[in-house]
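The values are calculated or read from the model by the stated rules, or taken from the named source; none is laboratory data. Computed from a predicted structure; not experimentally measured. Reconstructed Cβ throughout: ideal geometry from the backbone, glycine too, with neighbour counts over all protein chains shown. Ligands, DNA and RNA are stripped out before the accessible areas are found, and what is left, the full protein with its side chains, is counted by its heavy atoms. Shrake-Rupley method; radii C 1.70, N 1.55, O 1.52, S 1.80 Å.
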Amino acid sequence: MPLTPVKIETLSRINNNLGLMQAGSIVSVDISTPAGQKGKFRSTFVGFLAKQYVLIQFPDSNKVGNFGQFITQGTGVTVRGLIEGNEGSVAAFVSSIKQTVQLPSKLMVLEFPTSISVQSLRKTIRVDTDIRAKVRIEKNFWEGMITDLSKNGCQLRVDNGEEISLAKDKTIDFVIESFPELGTLKFSGQICSQKQITNGVSLGIKFNDAGKESVVKLLYHVVTLEL
């Protein structure tokens, strides 16, 4: 039975868990524009004042581009960050931009959250990704893209992979080399579902137990990265 995130609503618990997100730690910031455009940026958690605000470093302007015009007062944001001292868990909260300031450095001042969701990366969290993967089914090789990832499985898009349509229930082997700091990650899984898409096929994969540590290592790494 899938586990749901733990909702933390008391002020003391919110303070405790925000406090576990160390100043200077990396967070991801998701922003949606009024027109429905979505941006995800890597930034830095600066700190907070209980019941007042949370401070997040303004994302690198070179990466924000034209999206920076939407990082203004009232814009809704979702912030995710790894919890210090609780490896394998991520804290997330929804807020809105209270204001932006220029000094002493460019910061986003967020409304203090009313609740925080805490979830273990080793259990149920699933994140949207764009991770390139080399995959093998029996003696055939393809280049694929992992479009979402959890500890237990993933969705894999393979362009021009229509011939995979006969491979349901077969083992698929993954090699990930997108993150030099992680080295080469290898794991495998079973093809559980497949769907024809434009120019290829989308596969639902359930990971095998062997190699799960590599999957968790990958998930832990990408959860706060700009993808």
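Enter the accessible area of Arg80 (Å², nearest 10), with the probe set to 1.4 Å and all protein chains included.
Approximately 70 Å² for this residue.
Roughly speaking, what is the centre-to-centre gap between region 13-41 and region 207-221 when only Cα atoms are used, to the nearest Å?
Their Cα centres are 24 Å away from one another.
Any chance you could list the semi-axes, whole Å, largest first, of the equivalent ellipsoid that the Cα gyration tensor gives for region 16-117, using √(5λ)?
21, 14, 14
For the pairs Lys134/Lys212; Lys63/Lys186; Lys38/Lys212; Lys63/Lys98; Lys40/Lys170, note any where the Cα-Cα span goes beyond 27 Å.
Numbers: Lys134/Lys212 17 Å; Lys63/Lys186 30 Å; Lys38/Lys212 31 Å; Lys63/Lys98 22 Å; Lys40/Lys170 34 Å.
Long pairs (Cα-Cα over 27 Å): Lys63/Lys186; Lys38/Lys212; Lys40/Lys170.
Round to the nearest 0.05 the FRET efficiency obtained for Asn16 and Thr78 when R0 = 22 Å and r is the Cβ-Cβ distance.
Details: r = 20 Å, r/R0 = 0.93.
Approximately 0.60, to the nearest 0.05.
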